[in-house]
Amino acid sequence: MGRIIVANDDGPGSPGLRKLIEALRTVGPVLAVVPEEPVGGRGKSITLLKPVGLREEGPDFYVASGTPADAFLIALELLGDEEPDLAVSGINMGPNVGIEDFFHSGTLGVAIQAAIHGIPAIAVSYAIGEGFPRPTKEQMEADLKLAAELAAELARAILEEGMPDGVDLISVNVPVGANRSRVALTELYRPPYWRAVREDGAFYVRPWHRRKPSGPEGTDIWALANGYISITPISLSLSHDLPALKAFLEEAGVLSP
């Protein structure tokens, strides 16, 4: 089996990270590079104008001073001429659903960075936090174990068969009290659900303010709200219609017919 890069945005102390690495090591060799502290909400941002520090904290386990995307790029450099076959990000301690999270999630940022490099990628998230149930310690252990095992199953399938046609990355969201038999294949929720909330003279950006997380059937948030594990295929293809743009600009007088 091929080499697997693991990164996250919760830092080295995340319980989801340790579960994920343990499960993936049954599939193939793992190289983990993670930010030194939680840096959620950074998306695919990279560090500019200053160096990114790196220290080794165990066999094939490194901690970097940069962003999740930095961590992935550093992992590529550490591998040298050895091309990784897969990148897995997570397990994030919080959901990553919808178009909004796709663009600002550091967990998904790792997967996007990998996909840009032509490397199949999986992002795995655990739906706890604002608007979602609070698990007991025992329930969290069970849910993270299930999420890690599912990630390993997907990793093994991708390494053996490749990614499905037209899919660059797969986003997995696991609810509290997950049941392996309750899985929904979903698409990203489209409407915005993050907003700035004023409290005590300051603003906090929060999801689902005074709303219960929900969405149309078939979306990732619908799956979580109904107790399903959500598996969402995502393509990075940014479609465009040049003839339509040309006609528009000619009509507007910007271009000559």
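All of the numbers you see were taken from the coordinates with simple rules; none came from a lab. Computed from a predicted model, the values in this text were never measured in an experiment. Don't worry about glycine lacking a Cβ; one is built from the backbone with ideal geometry, like all the others, and counts go over all protein chains shown.
Name every residue in the range 169-185 that is out of contact with any Phe, Trp or Tyr (no Cβ under 9 Å at 6 or more places or on another chain) and assigned to a loop (DSSP other than H, G, I, E, B), in order of residue number.
177, 180, 181 - these are the residues of the range 169-185 that are out of contact with any Phe, Trp or Tyr (no Cβ under 9 Å at 6 or more places or on another chain) and assigned to a loop (DSSP other than H, G, I, E, B).
If you check 101, 10, 60, which single one turns out to be more than 17 Å from residue 124 (Cβ to Cβ) and charged (D, E, K, R)?
Just one listed residue meets the conditions, 60.
With (1) over 21 Å from residue 99 (Cβ atoms); (2) assigned to a loop (DSSP other than H, G, I, E, B) as the list, and residue 166 as the residue in question, which single condition is left unmet?
All conditions pass for residue 166, except number (1).
Residues to consider are 54, 108, 76; find the one that is touching a Leu at 6+ places or on another chain (Cβ under 9 Å), of a type in the set (A, V, I, L, M, F, W, C) and either touching a residue at least 40 places away in the same chain (Cβ under 8 Å) or closer than 24 Å to residue 233 by Cα (or both).
The conditions single out 108.
Which pairs do you get when a residue that is over 15 Å from residue 219 (Cα atoms), found in the range 175-186, comes within reach of a residue that is among the aromatic types (Phe, Trp, Tyr) and assigned to a loop (DSSP other than H, G, I, E, B), reach meaning Cβ atoms under 8 angstrom, with the pair 6+ apart or on two chains?
176/132
Output the residues belonging to the range 8-53 that are aliphatic (A, V, I, L, M) and under 17 Å from residue 103 (Cα atoms).
Result: 39, 46.
Can you tell me how many residues in the range 1-56 are among the β-branched types (Val, Ile, Thr), crowded, with 18+ Cβ neighbours inside 10 Å and part of a loop (DSSP other than H, G, I, E, B)?
Residues in the range 1-56 being among the β-branched types (Val, Ile, Thr), crowded, with 18+ Cβ neighbours inside 10 Å and part of a loop (DSSP other than H, G, I, E, B): 2 in total.
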